[in-house]
Amino acid sequence: MASTSDFRNGFSMRWNGEIWSIVEFQHVKPGKGGAFVRTKLKNLKTGRVLDNTFRAGEKVEEVRVERRKKTYLYNDGHHYIVMDEETYEQTPMTEDYLKACLPYLKENMELSILESDGEILAVEVPTFVELEITKTEPGVRGDTATGGTKPAIVETGATIQVPLFLNAGDVIRVDTRTGEYMERVSAA
């Protein structure tokens with residue numbers, strides 16, 4: 001068991017039957033009454049973020065969460081096969097774990113797997129990925145001045161809004177947290 005004095009950013013705990021990580025916290029000592037700790041918690045399974053206040057000295061169950069690097073290899077039709085980079089062990093994963101990652105998932109991509117007691121809590125892709133545009137309307141000379149966007153389908157099948165001057169074959173950098181176009185990496 002840990003108390004509120006052990007809280008720090010990234011601290012993981014079991015609270016209300018689920019595993020949460022502290023995103024940020026603040027110890028508060030008001031002039032009247034007892035001290036307390038304001039926290040912003042992130043549910044490691046669902047990604048939901050909420051604010052909660054703990055009384056100073058309140059006890060919570062600390063949970064050890066491991067972050068493992070694995071490489072996505074391929075999809076066999078039913079499962080997504082990932083390989084542990086240390087042991088080279090291949091593990092099949094269902095789509096349930098990878099739903100948020102699928103629009104950006106490419107073969108040989110490095111993933112971060114959050115585990116606690118052998119249970120997979122979350123799968124994270126890199127913050128920025130480079131994807132090739134496979135289909136979009138062709139760009140026309142002068143389109144750069146308007147600042148508009150158009151839909152483009154990338155190699156993973158996801159649709160991303162891109163500037164008008166981009167064409168099929170261009171490689172772009174995408175922010176996986178928001179799904180937004182960041183910049184063109186190389187032209188076709």
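Rule-based calculations on the coordinates, nothing more; no lab input. For clarity, every value in this text was computed on a predicted model and none was experimentally measured. Virtual Cβ from ideal backbone geometry, glycine too; neighbours counted across all protein chains shown.
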Inset, instruction - Would you tally the net charge around T156, using a Cβ to Cβ cut-off of less than 12 Å, leaving T156 out, and scoring K and R as +1, D and E as -1? - result: -3
Legend entry - Given charges at Cβ of Lys, Arg, Asp, Glu: the chain dipole, positive-most of N108, L98, T71: L98
Inset, instruction - Grab the eigenvalues of the alpha-carbon gyration tensor for the chain, scale each by 5, take roots, and send me the semi-axes largest first in whole angstrom. - result: 40, 24, 11
Inset, instruction - Please list, or write none, the lysines whose alpha carbon is within less than 30 Å of the alpha carbon of K40, excluding same-chain residues fewer than 8 places away. - result: K29, K32, K59, K69, K70, K99
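Relative to the present Cα-Cα distance, how much length would full extension add between R68 and R184 at 0.36 nm per residue of separation?
Values: separation 116, 0.36 × 116 = 41.76 nm, distance 3.03 nm.
So the extension gain works out to 38.7 nm.
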Legend entry - For the range 66-73, Karplus couplings with θ = phi - 60° (6.51, -1.76, 1.60), whole Hz, Gly/Pro x: 9, 10, 10, 8, 9, 10, 6, 9
Legend entry - Neighbourhood net charge (9 Å Cβ-Cβ; Lys/Arg +1, Asp/Glu -1) for F25: +2
Legend entry - Table column - 3J(HN,Hα) (Hz), the range 9-25, Karplus curve with 6.51, -1.76, 1.60, x for Gly and Pro: 4, x, 5, 10, 8, 9, 9, 6, x, 10, 9, 10, 10, 7, 7, 7, 8
